[in-house]
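First the structure, in the form of structure tokens, and then the observations on it.
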């Protein structure tokens, strides 16, 4: 076999869900990461607990491309149900490691791949008489085989196993022994030079971390001073709240008194979870909930209440593929339109749209500042792809700034100013002052309602008062644009081909842009990070000859927002839409741009 | 009960300090009676009005928090969802005194789920259901608490059996369940006072006639029906620790139920000589009898259990409200944070 392909390939591991492959897969990905090479693991799992097929992708990329590659170079086939189809996806020249018990081990129908049949169960059997444990250990056998065949550093793998299982010495030893057995088997039976792919140590990940977006969100909430969580379990958002509650238990329980500096309530449904958040936010806590599309749908009425009664709160939408129940364990960016105007009447919300762990952490933290500064709900839109998959990230930084608690008048402040009207635009920025329940001052109490109200929070049906009230709300949300994250722009400033994207498509767009630039297409790329849209977005469109909007939804929901803001530029906007539920890869973007760009770019 | 001649209560406030804005409900509405009972109870119990949180949903009943204790903070939320809002607010500051006002449409239909769950969580609040058997604000549709065969304006007969919120609350584990009638001032005021002293969720299902849409002689939630069919289980007295004991002492059967704050509910037997509201089985039997006996409406303290475990206790909340915690109290120290981030490498 000729020279190896080093640090640029994708491993795909096909197992049955419930077989306990998650820790083995994480160990594999993390070992490569610890060897200093960029990795991007993606778990493609079913909406099911046991018995359905699942795939775990580990893209190894020294070029630092972290999107789904869309190809498979190394395949580990553990699932009889999918093996036949899986094997067909392997790239020519690819390498297949297959459970020898599968019929496809003997007859796989490919003469352009290298096949290694491994007796996973037999190797594992020596370590565990118990059938269940043996099944788990079979997954560690492939870690061992791949360690040998891809030239991973066994010392690193062993250290990762140690870190994974913490203080459980017996478990650590057992897993390390099984990996060693996998290595020994491969050494004895296979010629590793026949495997075209290899990992070589680099120093790309020094100082970096590997973290799921939902974990970063939970950390952001912790550091952002969130004290109240009202939530209802739903894939793929549950790990935001569960992760946060774990952090609360670790850092928010008074060691002497046992008292909690947080409250977390698992609600009866998403309506109640947002109701709790609004109750807590009204009472002065920094409150959040996390859900996904179906939960957001249920929250509609309360979202309008929060907007109109001007109550702070943070709602995480970890988007999944809709409509309806849709594909609960697949990704999409289909909730932009819904979140933007969730609820009836002229309701509008501020959306923060982070991409990658650092931004998810940062925006999650700052969402509480924005919520209290603007006394409204802040929607943080992430998605399953970046929420539930491990992503390579810079270290998350300890915050240097204090909380922005917004315009709250306490007893002393009321004494000083001598007047208070809950909904009066005192400062001309559309943001009124508020007081918190329990404030012992005659000026403090007010009556919060979702019905029509005047500046003093009294009921009114007066058309002029109501018009002024909703106009002020408009000014308030528009004014927030000066504070919310502006779009970022990268690429050739003179490029006339522009890409606009947001959220987790960041990785696919970066790779696509590099590939297109290699084809001689000078490109600029803008990533939107919040809605309402900044004027910079319009300027960017104006500066380009053609704009490709890259979105993971069918209708181009962000493009719609853009075109509403700048209808005259609509003709420039082309849509690249990918919405089947898989994490986006660079290919559809490259293909779409290549196939049409010639019409717009003249030599 | 304080001397009715006394102008100020134990915190030095007059009754008018517990008033609210003028009611906009129909003249004679039962809800306005309840508003007066809430004012009287808060005054007599010397509640700090600034510490009061009033929560409500949507409907005629849910408007009433505007009509009492305007020194308190009020949140009139969305239809049927008052319990979740109260749950959130209550968790932030356990010292707030939460009074929830809802109606039969708000609680028994659109909000039944949230009602069940706020009972299950035992949020420390008084939950008053102003129950008139009809949707008033939408002009007179039967509600789920209206008895089968009841008549409403226009003579329409309700074809469905009713839901009983006291039975539901009891089944959900509620530790304070009462039924009352807006026209029985003494009973209602003392039940509210007891509810305010109770550690946990106190449900008071108060029949509160709608004079406009559901007050025919054959309306089973109407004034005439209640006057003719209301059976008080007992005379309800309430004595706070700081109040003189001589009040309400009457000869005959009397049960005194102690509360954690040193208050006592004094029940002077009337119709039911041996009724024991601390017995779950007695309460269950009473509610079954109430349901199977359309000629009587039994009111009084149905059930009381002292050892309730409130939501703020379950949440292990400290004295300092969550709203007042600062960066230092909420963020881990930097060294701890960095150590945590290290685990992600």
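The values are calculated or read from the model by the stated rules, or taken from the named source; none is laboratory data. Keep in mind that what you see is a predicted model, and the values were worked out from it rather than measured. Cβ placement follows ideal geometry from the backbone for every residue including glycine, while neighbour counts extend to all protein chains displayed.
Against the conditions (1) over 15 Å from residue A:220 (Cα atoms); (2) within 14 Å of another protein chain (Cβ to nearest Cβ); (3) assigned to a helix (DSSP H, G or I), residue A:369 satisfies every one except (1). Each residue in segment A:522-554 was checked for being touching a helix residue (DSSP H, G or I) at 6+ places or on another chain (Cβ under 7 Å), surrounded by fewer than 16 Cβ atoms within 10 Å (Cβ to Cβ) and closer than 27 Å to residue A:347 by Cα, and 1 pass. Residue count for segment A:408-428 under the criterion of being assigned to a loop (DSSP other than H, G, I, E, B) and surrounded by 14 or more Cβ atoms within 10 Å (Cβ to Cβ): the result is 9.
Taking the numbered list (1) away from chain A (no Cβ under 14 Å); (2) outside any helix (DSSP H, G or I); (3) over 15 Å from residue B:231 (Cα atoms) in turn, residue B:332 passes all entries but (1).
Summed over segment A:213-240, residues that are within 14 Å of the chain's Cα centre (by Cα) and crowded, with 24+ Cβ neighbours inside 10 Å total 11. Do we find that residue B:309 is in a loop (DSSP other than H, G, I, E, B), within 14 Å of chain A (Cβ to nearest Cβ) and either modelled with pLDDT under 95 or more than 30 Å from residue A:256 (Cβ to Cβ) (or both) in this structure? No, not satisfied. Just to check your reading of the model, which residue among A:562, A:569, A:577 is touching a helix residue (DSSP H, G or I) at 6+ places or on another chain (Cβ under 6 Å) and either crowded, with 22+ Cβ neighbours inside 10 Å or closer than 24 Å to residue A:334 by Cα (or both)? Within the list A:562, A:569, A:577, the selection yields A:569.
From B:133, B:140, grab the single residue that is in contact with a helix residue (DSSP H, G or I) (Cβ under 8 Å, 6 or more places away or on another chain) and at positive phi. Checking each option against the conditions leaves just B:133. Within the span defined as segment A:436-453, every residue fails to be surrounded by fewer than 17 Cβ atoms within 10 Å (Cβ to Cβ), more than 14 Å from chain B (Cβ to nearest Cβ), modelled with pLDDT of 95 or more and more than 38 Å from the chain's Cα centre (by Cα). All of B:314, B:297 fail the test of being touching a helix residue (DSSP H, G or I) at 6+ places or on another chain (Cβ under 7 Å), more than 8 Å from chain A (Cβ to nearest Cβ) and at pLDDT 95 or above, apart from B:297. Checked against (1) on the phi < 0 side of the Ramachandran plot; (2) not in a strand (DSSP E or B), residue A:64 meets all criteria but (1).
If you scan segment A:270-302, which residues turn out to be over 23 Å from the mean Cα position of the chain (by Cα) and in a loop (DSSP other than H, G, I, E, B)? A:283, A:284, A:285, listed by residue number.
Put simply, of B:189, B:211, B:236 the only residue that is under 19 Å from residue B:36 (Cβ atoms), in contact with a helix residue (DSSP H, G or I) (Cβ under 8 Å, 6 or more places away or on another chain) and assigned to a loop (DSSP other than H, G, I, E, B) is B:211. Among the residues of segment A:273-288 satisfying the criterion of being over 11 Å from residue A:371 (Cα atoms) and more than 7 Å from chain B (Cβ to nearest Cβ), which is surrounded by the most Cβ atoms within 10 Å (Cβ to Cβ)? Result: A:274.
Of the listed requirements (1) farther than 30 Å from residue B:50 by Cβ; (2) surrounded by fewer than 24 Cβ atoms within 10 Å (Cβ to Cβ), residue A:308 misses just one: (1).
Scoring residue A:319 on the criteria (1) more than 30 Å from residue A:468 (Cβ to Cβ); (2) in a loop (DSSP other than H, G, I, E, B) leaves a single failure, condition (2). Checking each residue in segment A:38-64 for being over 22 Å from residue A:238 (Cα atoms) and within 14 Å of chain B (Cβ to nearest Cβ) picks out A:38, A:39. Being assigned to a helix (DSSP H, G or I) and over 24 Å from residue B:209 (Cα atoms) is the filter; apply it to segment B:19-57 and report the residue that is farthest from the other protein chains (Cβ to nearest Cβ). The selected residue is B:44.
Are any residues in segment A:144-162 touching a residue at least 60 places away in the same chain (Cβ under 8 Å) and either farther than 14 Å from residue A:74 by Cα or not in a helix (DSSP H, G or I) (or both), and if so, which ones? Matches in segment A:144-162: A:150, A:152, A:153, A:156, A:157, A:159, A:160, A:161. Using the structure shown, decide if residue B:113 is away from chain A (no Cβ under 11 Å), out of contact with any helix residue (DSSP H, G or I) (no Cβ under 7 Å at 6 or more places or on another chain) and not in a strand (DSSP E or B). Here the answer is no, as residue B:113 does not meet what is asked. From the list A:47, A:23, A:3, A:40, the one residue that fits, being touching a strand residue (DSSP E or B) at 6+ places or on another chain (Cβ under 7 Å), surrounded by fewer than 19 Cβ atoms within 10 Å (Cβ to Cβ) and either assigned by TED's automatic domain parsing to the domain that holds residue A:80 or outside any strand (DSSP E or B) (or both), is A:47. Would you check if there is a residue in segment A:334-344 being over 20 Å from residue A:481 (Cβ atoms), buried (at least 24 other Cβ atoms within 10 Å of the Cβ), modelled with pLDDT of 95 or more and more than 13 Å from every other protein chain (Cβ to nearest Cβ)? Yes - at least one qualifying residue is present in segment A:334-344.
Residues of segment B:130-171 that are within 22 Å of residue B:32 (Cβ to Cβ) and surrounded by fewer than 19 Cβ atoms within 10 Å (Cβ to Cβ): B:137, B:138, B:139, B:140, B:141, B:153. Are any residues in segment B:317-328 in a helix (DSSP H, G or I), at the interface with chain A (Cβ under 7 Å from one of its Cβ atoms) and under 20 Å from residue B:96 (Cβ atoms), and if so, which ones? Once the filter is applied, which keeps residues that are in a helix (DSSP H, G or I), at the interface with chain A (Cβ under 7 Å from one of its Cβ atoms) and under 20 Å from residue B:96 (Cβ atoms), segment B:317-328 yields B:322, B:323.
A count restricted to segment B:64-104 and to residues that are in contact (Cβ under 8 Å) with a residue 60 or more places away in the chain and either in a loop (DSSP other than H, G, I, E, B) or facing chain A (nearest Cβ under 9 Å) (or both) stands at 7.
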